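Below is one structure, written out as C-alpha cells; comments come after it.
Just so it is clear, none of the values below were taken in a lab; they were calculated from the coordinates. As the structure is a prediction and not an experimental result, all values here were calculated from the model. Methodologically, a virtual Cβ is constructed for each residue, glycine included, from the backbone with ideal geometry; neighbour enumeration extends over all protein chains shown.
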Amino acid sequence: MVTRQFEGKQQASDYQKFRFDPSQEIIDLIFSYVDERFPKLSEFAVDAGCGTGQNTRVLAPYFKKVLGIDISEAQIEEAKKATRSPNVTYRVCPAEEVPVGDTSVDLLTASIAAHWFTIEKFLKEVDRILKPGGCLAIFTYLPSMEVHYKDCSEQMTQVFAEVGDSLVPYEHEKIYHLKNGCKEMYESIPYPDKRRIENIVTKFPMPLSGLMGLIQTFPEVQIFLKTKPEEAKEMLRTAEERFLRLMGTSSSETEVEVWLQNVLILASKPQ
Ligand SMILES: C[S@@+](CC[C@H](N)C(=O)[O-])C[C@H]1O[C@@H](n2cnc3c(N)ncnc32)[C@H](O)[C@@H]1O
C-alpha cells in the first residue's frame with residue numbers, strides 16, 4: 001500500500017520554497033559511477049518520488065528526456081510550475097508502477113523518497129524498466145541534522161534534536177529506514193554491482209526563518225499540526241525563541257548553517 005504524507009497544497013508550496021536541491025557532491029558521485037559503467041548514458045532518466053522537482057530539474061542537462069513521477073498531485077502541480085526545461089515531464093503515479101516500457105531507462109533516481117516506497121515492489125519495477133547496465137541512485141539525508149551558528153552550534157543542534165524528539169509520536173514507521181541509514185534497503189537490491197556511501201556531509205546556509213520553514217515541511221510536523229494544532233504551534237514557537245535566544249538576536253532573518261548527513265546508494269543492473 002502506498003504511503004501518502006505529502007498531499008497538502010500548502011505543504012507542496014512550502015516544500016518548493018524551503019527544501020533544497022541535491023548537492024553537487026552527490027550529483028558528481030552519481031555521474032562518476034554512471035560514467036564508469038555506461039559512458040553513453042544520455043537518453044532517459046526517471047526521478048521517482050520527485051516531489052516538487054528539485055532533483056528532477058538537476059537531471060535535465062544530462063538526458064534527452066527526464067520524467068518525474070510522484071503519487072501526490074499537489075507536489076506534481078508545484079513541480080510543473082517550477083520547471084522550465086522542455087525535456088522534463090511529470091506524471092502522477094506510484095514509483096512501484098512507472099508508466100514506461102521495459103528496459104527503457106538509463107538512470108533511475110529517488111531523492112529523499114525511497115523510504116516511503118514499498119521496497120520489494122519498487123525494486124522489481126526498477127529491474128523491469130532499467131536498461132541492462134542502467135543505474136539506480138537512491139539518496140537521502142538522515143534525521144540527525146546539525147544547526148551551526150557561531151560558538152553555539154552544539155546548543156542549536158540540541159534544540160533541533162529536541163524538536164525531533166517531540167515529533168516521535170507522529171513519525172511513520174517507514175522512518176526507520178532513515179534511522180538505520182537505509183541499510184536494509186541496500187541489502188534488498190539484488191544486483192552484485194552496488195555500493196552504499198555514507199558520511200556525505202552537505203552544508204546549507206539559510207536564515208533561521210528558512211530552517212523553521214524546513215521543519216514545517218516534515219510530515220510529522222504536518223500530522224502534529226493537524227491532530228494537536230495549539231500544541232504543535234507552541235512547540236514551533238518555543239523552538240524558534242530558543243534558537244533566537246542562543247543566537248543573541250531578535251531577527252529570524254539571521255543566517256544559520258544546516259549540516260546534513262547523507263547516504264547514497266548506487267547500483268547497476270547486470271548487462
Ligand atoms: C520527502 S519528499 C522528496 C521529494 C523530492 N524528491 C526531493 O528531493 O525533495 C518524498 C516524496 O515521495 C513521494 N512518494 C511517497 N511515496 C511514493 C510512492 N509510492 N510513489 C511515488 N511517490 C511517492 C511523496 O509524495 C513526496 O513527494
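Compute the Rg to Rh ratio over the chain from the alpha carbon atoms, using the Kirkwood formula for Rh, and round to two decimal places.
That ratio is 0.98, to two decimals.
Give me, ordered by chain and number, the residues 5 or more places off residue 43 or on other chains with an amide H under 5 Å from its own placed amide H.
64
Among the lysines, select those whose C-alpha is under 21 Å from the C-alpha of residue 121, and discard any that sit fewer than 8 residues away in the same chain.
Reachable lysines: 131, 174, 183, 194, 269.
On full extension of the chain, what length is gained from residue 19 through residue 32, given 0.36 nm per residue of separation minus the C-alpha to C-alpha distance?
Residue separation times 0.36 nm, minus the Cα-Cα distance, leaves 2.2 nm.
Nearest 10 degrees is fine. How inclined is helix 9-18 to the longest principal axis of the chain, computing both from alpha carbons?
Approximately 90 degrees, to the nearest 10.
Between residue 92 and residue 203, what FRET efficiency follows from the Cβ-Cβ distance if R0 is 22 Å, with the result rounded to 0.05?
Efficiency for this residue pair is about 0.10.
Tabulate in residue order the Karplus-calculated ³J(HN,Hα) for the stretch 88-96, using 6.51 cos²θ - 1.76 cosθ + 1.60 with θ = phi - 60°, rounded to whole Hz; enter x for Gly and Pro.
Each residue of the stretch 88-96 in turn: 10, 10, 10, 9, 8, 5, x, 5, 7 Hz.
What FRET efficiency comes out for the pair residue 118/residue 230, r = Cβ-Cβ distance, R0 = 51 Å, nearest 0.05?
0.90
Would you mind checking the stretch 123-140 for residues with the amide N under 18 Å from a putative spin-label position 7 Å along Cα→C-beta of residue 64?
Within reach of a label on residue 64, which here means backbone N under 18 Å from a point 7 Å along Cα→Cβ, the stretch 123-140 contributes 130-135.
If amide hydrogens are placed 1.01 Å from N in the peptide plane, which non-local residues have theirs closer than 5 Å to the one on residue 256?
206, 208
Using the Karplus curve 6.51 cos²θ - 1.76 cosθ + 1.60 with θ = phi - 60°, what ³J(HN,Hα) values do you get for each residue of the stretch 213-227, in whole Hz, with x for Gly and Pro?
x, 4, 4, 5, 7, 5, x, 5, 5, 4, 5, 4, 5, 6, 7
Separation between the residue 85 and residue 244 pseudo-spin-labels, each 7 Å from Cα along Cα→Cβ, expressed in nm?
Using points 7 Å along Cα→Cβ, the separation is 4.0 nm.
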